[in-house]
C-alpha cells in the first residue's frame, strides 16, 4: 500500500509530511484545547510536540493536511500498521480548531479511506477511551466500535483505547 499519496478533495489536499513542515505544524498544534481530551494533553508544548513530530515523520505514513484555499497547513494524519490486504490503521490525526465541526475531518477521512480501500478491506481507528470528541467524530463518519485495547503511554501509564472499524463497501 502506498502510505504517503497526494490526495485532493474539494477543500483539502493531503501530501507527504516533510521535515520542513515542523514550524507550520507546531503553530497549528500549539492550541492546548486541541489536546484537552487526548491521551497526551501536553502535546501543545513544543518539547512534547517535537517528539511527536519526529515519530510521525519517521513513520513514513504521515500526511500533511492543507487547506486548498489558503495553502495553509492545518493538521496531520497518517496510515500505520498495514496488515497485508486485510487492514490499515488511520490515526494520529489533528486539525486546528477553526476547522472543527464543518466537515473537514469527514473529507479528510474519506480521502484516506478511498485510497486505503484500493489496497485493504477495512480501516481501523484507535481512539483514546476518554476522547469523546474523537469518538463522536468516528461515529459521524460511520465507524463501528469493535473493541478495546490496553496500551501504555510512553511513560508506562495505562492508555485505554477503543477501536473503531470501517469496512470497504
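Just so it is clear, none of the values below were taken in a lab; they were calculated from the coordinates. Note that this is a predicted model, so its numbers are computed, not measured. All Cβ positions, even for glycine, are placed from backbone atoms using ideal geometry, and neighbour counts span all protein chains on display.
Odds and ends about this structure:
- Residue 82 versus residue 122: modelled label distance in nm, points set 7 Å from Cα along the beta carbon direction: 2.0
- Length-normalised contact order of the stretch 7-167 in % [C-alpha pairs under 8 Å, at least 6 apart]: 20
- Helical contribution to [θ] at 222 nm, DSSP H n ≥ 4, -39,500 (n - 2.57), averaged over the chain, rounded to 500: -7500 deg cm²/dmol
- Calculated on the Cα set of the stretch 6-46, radius of gyration then Dmax: 12.7, 33 Å.
- Overall dimensions of the stretch 7-167 as given by Cα atoms, namely Rg and Dmax in Å: 14.9, 42
- Taking all Cα-Cα distances within the stretch 1-98, those exceeding 16 Å account for 55%.
- Taking the chain as a Gaussian network of alpha-carbon nodes connected by springs under 10 Å, the highest mean-square fluctuation of the residues 32, 16, 158 belongs to 158.
- Highest-fluctuation residue, 61, 101, 91 considered, GNM on the chain with Cα pairs under 10 Å: 101
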